[in-house]
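The values are calculated or read from the model by the stated rules, or taken from the named source; none is laboratory data. Since the structure is predicted, the reported quantities are computational estimates derived from the model, not experimental observations. Note: ideal-geometry Cβ built from the backbone for every residue, glycine included; neighbour counts use all protein chains shown.
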Amino acid sequence: MPIYRYQVLAAHPGCDQCARGFEVMQKMADAPLIACPRCQAPLRKVITAANVAAGSARLNSQSHLEKHGFTQYRKVGKGVYEKTAGKGPDYISGD
């Protein structure tokens, strides 16, 4: 579910929560909030940059793989693989 940021309209003082702005996790189909849940001051949705996880470098790191019980191998020859992370045999060979 996306996270939306809301802030009180400039003409209204609002409470500590809405004056600073706050985030709400909502379904895309949900209607936007029109009033602060705490003080009922009118709100506006603030446009923010999308938060995107790019790449999978961390997921493939040796420490991450070992932590979650996976073993990683790299190809060192035709049909021969050498272990680079995790538990398991040091080499796997098709012979």
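Couple of notes before you dig in:
- Within region 39-57, the residues that satisfy the criterion of being part of a loop (DSSP other than H, G, I, E, B) and either at pLDDT 90 or above or closer than 30 Å to residue 72 by Cβ (or both) are 39, 40, 41, 51, 52, 53, 54, 55, 56, 57.
- Filtered residues of region 1-31 (kept if assigned to a strand (DSSP E or B) and either in contact with a Gly (Cβ under 9 Å, 6 or more places away or on another chain) or aliphatic (A, V, I, L, M) (or both)): 3, 5, 6, 7, 8, 24, 25
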